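**Student:** First the structure, which I've put down as structure tokens, then a few questions once you've had a look.
None of the figures in this text is laboratory data; all of them are computed from the coordinates on show. These figures come from a predicted structure and were not determined experimentally. Backbone-built Cβ (ideal geometry, glycine too); neighbour counts: all protein chains shown.
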Amino acid sequence: MNIICWSLRLVIFIVLNGKSKKIMKIFDVYPRWNIEPVKASGCKIYDRDGVEYLDFYGGHAVISIGHSHPKYVAKITEQLNNIGFYSNSVRIPLQDEYAEKLGKASGYPDYSLFMVNSGAEANENALKLAAFHNNRNKVVAFHHSFHGRTSAAVRVTDNLKYQASINRNLEVVFLPLNDIQAVEETLRKKDVSSVIIEGIQGIGGIVVPEPEFLQQLSAVCRETGTVLILDEIQSGYGRTGKFFAHQYAGIRPDIITIAKGMGNGFPVSGMLIAPQFKAVSGELGTTFGGNHLACAAAIAVLEVMKEERLVENAAEIGEYLIGELKKIPQIKEVRGRGLMIGMEFAEPIKELRNNLLFGEKIFTGVTGTHVFRLLPPLSLSKELADEFLKRLNKVV
Ligand SMILES: Cc1ncc(COP(=O)(O)O)c(C=O)c1O
């Protein structure tokens, strides 16, 4: 009897002890490289063994003014030492300061700003605001689009793999990019709430919409009372050599969504809203959006962009880089504007990408199986552009 009792106790002890040793793990949805960055400065990243990498990816187009810019670090640190966060139930003059600076820098001083936290959230709110405005239910998006992972944003993303059954309720019509006839036929019924389009398609492969298409799209949206939403989350904030990519077409969308480069790594996003939209108390809201730290980060980014003329730099270095890449015969096509560049190869690029990363120590982005996405910080120098070209030429 005693032996049975002790054996039972032993089993219970082992089970309980085993349970307490469980360690929470990260939900494993990302394929990751075996590289651990521990430090970064400007356009360079250093891993834990001190190996230096060139950053031609910008952590997915996020790093705009360069890693750990001293003015950015100082501004955020100072803010954190004063007050880091309070909700939108109090006055936050930093929001007004940022809005004023953003209006001037972007060429939209007459628009209003609503701040949130991620690209998807900005698009989600834009689609919602459009529907509040015109009370229609349908949305038009384009083939190969990417607009984020939240409910409506993922529904207007042209990839069924990202959508769960609960995302499929919003009625969305996907049309071919640059097909104005298809757009006109769909919008003439006047039952479409909004059209959402990227300034330059990023994940779709760095595809630039034709300026005439954007002009005609803008006109037909206006005629039919459809809200035009320009997703400038990846293509905006100076990346293409103008503040927004759509400014190459000279149009003025109804809502413009921003994120990524806006905070240089600090999670902050927003939408610029045309004057015809009325702000209705309670229709939109957020806990974290526009908090003190987010504003400080976003202000620092705009100040550095202005002081260091980073939009002009993106135009200049981007033009140079695109010109040089076009001379490399192994590259089938070079697309993009400024420092948002796609390089398409005839063959799959998996091995080439690995050679660039592990051999030449360069971070790049890819999309699909054949296209590289180059999204370096806007502060990229000609010297580092040349260094990139030299290392790329070694492996193509
Ligand atoms: C054009 C575009 N829109 C929206 C998003 C979603 O942004 P986030 O991942 O911050 O939600 C992305 C992200 O890659 C994007 O490239």
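**Student:** Which aspartates and glutamates have a Cα less than 12 Å from the Cα of residue 390, not counting those fewer than 8 places away in the same chain?
**Tutor:** 324, 360
**Student:** Pull out the extension gain between residue 143 and residue 393, defined as 0.36 nm times the separation in residues minus the alpha carbon to alpha carbon distance; nm, one decimal.
**Tutor:** This chain segment gains 86.7 nm when fully extended.
**Student:** Rounded to the nearest 20 debye, what is the charge dipole size of the stretch 70-307 about its Cα centre when +1 sits on each Lys and Arg Cβ and -1 on each Asp and Glu Cβ?
**Tutor:** Dipole about the Cα centre, nearest 20: 300 debye.
**Student:** Sticking with this structure for a sec: What FRET efficiency would be calculated for the residue pair residue 358, residue 320, taking the C-beta separation as r and a Förster radius of 25 Å, to the nearest 0.05? Intermediate results must be reported in sequence, preceding the final value.
**Tutor:** On the way: r = 27 Å, r/R0 = 1.08.
For R0 = 25 Å, the calculated efficiency reads 0.40.
**Student:** Under a crude label model (7 Å from the Cα following the beta-carbon direction), how far is residue 34 from residue 100 in nanometres?
**Tutor:** According to this spin-label approximation, the distance is 5.4 nm.
**Student:** For the pairs 21/350; 161/382; 242/332; 161/326; 189/278, flag any whose C-alpha to C-alpha distance is greater than 29 Å.
**Tutor:** Result: 21/350; 161/382; 161/326 exceed 29 Å.
**Student:** What nm distance separates the two modelled labels at residue 71 and residue 182, each placed 7 Å from Cα along Cα→Cβ?
**Tutor:** According to this spin-label approximation, the distance is 4.4 nm.
**Student:** Quick check: Cα centre of the stretch 336-396 to Cα centre of the stretch 30-65, how many Å?
**Tutor:** Between the Cα centres of the stretch 336-396 and the stretch 30-65 lies a distance of 14 Å.
**Student:** Over the Cα atoms, compute the radius of gyration (one decimal) and Dmax (the largest Cα-Cα distance, rounded to a whole number) for the stretch 122-185, in Å.
**Tutor:** According to the Cα coordinates of the stretch 122-185, Rg and Dmax are 11.7, 31 Å.
**Student:** Further question: Within the chain, which DSSP H helices have Cα atoms that stretch 24 Å or more along the helix axis and a mean Kyte-Doolittle hydropathy of at least 1.0?
**Tutor:** Working: long enough: 2-20 (27 Å, 1.31).
The answer, listed by residue number, is 2-20.
**Student:** Would you work out the Kirkwood radius for the stretch 70-307? I mean one over the mean of 1/r across all pairs of different Cα atoms, in Å. If you can, show how the numbers build up before the last one.
**Tutor:** Values: mean 1/r = 0.0553 Å⁻¹.
Its Kirkwood hydrodynamic radius stands at 18.1 Å.
**Student:** Taking 0.36 nm per intervening residue step and subtracting the Cα-Cα distance, what contour gain separates residue 135 from residue 47 on full extension? Working shown, then result.
**Tutor:** Details: separation 88, 0.36 × 88 = 31.68 nm, distance 5.12 nm.
Full extension of this stretch gives 26.6 nm more.
**Student:** Something else: Give me log10 I(q)/I(0) at q = 0.14, 0.23 Å⁻¹ for the stretch 264-329, Debye formula, one equal scatterer per alpha-carbon, no solvent.
**Tutor:** Treating every Cα as an identical point scatterer, log10 I(q)/I(0) equals -0.70, -1.03.
**Student:** What FRET efficiency comes out for residue 215 versus residue 9 if R0 is 51 angstrom and r is the Cβ-Cβ distance? Round to the nearest 0.05.
**Tutor:** For residue 215 and residue 9, the calculated efficiency is 0.05.
**Student:** Moving on to the next point. Given N residues in the stretch 19-68, what is its alpha carbon radius of gyration divided by 2.2 N^0.38 Å?
**Tutor:** Working it through for the stretch 19-68, the quotient is 1.52.
**Student:** Which value, in Å to one decimal place, does the Kirkwood hydrodynamic radius take for the stretch 221-265 when every pair of different Cα atoms is included? Provide the component values of the computation, followed by the final result.
**Tutor:** Values: mean 1/r = 0.0898 Å⁻¹.
Over the stretch 221-265, the inverse of the mean reciprocal pair distance is 11.1 Å.
**Student:** By how many nm would the segment from residue 276 to residue 22 lengthen if fully extended, with 0.36 nm per residue of separation less the alpha-carbon distance?
**Tutor:** Net length gain for the segment: 85.9 nm.
**Student:** Expressed as a fraction of 2.2 N^0.38 Å, the rule-of-thumb size for a compact globular protein of N residues, what is the C-alpha radius of gyration of the stretch 246-355? Mind dumping the intermediate values first?
**Tutor:** Working: Rg = 19.0 Å, N = 110, 2.2 N^0.38 = 13.1 Å.
Compared with the compact-globule rule of thumb, the stretch 246-355 sits at 1.45.
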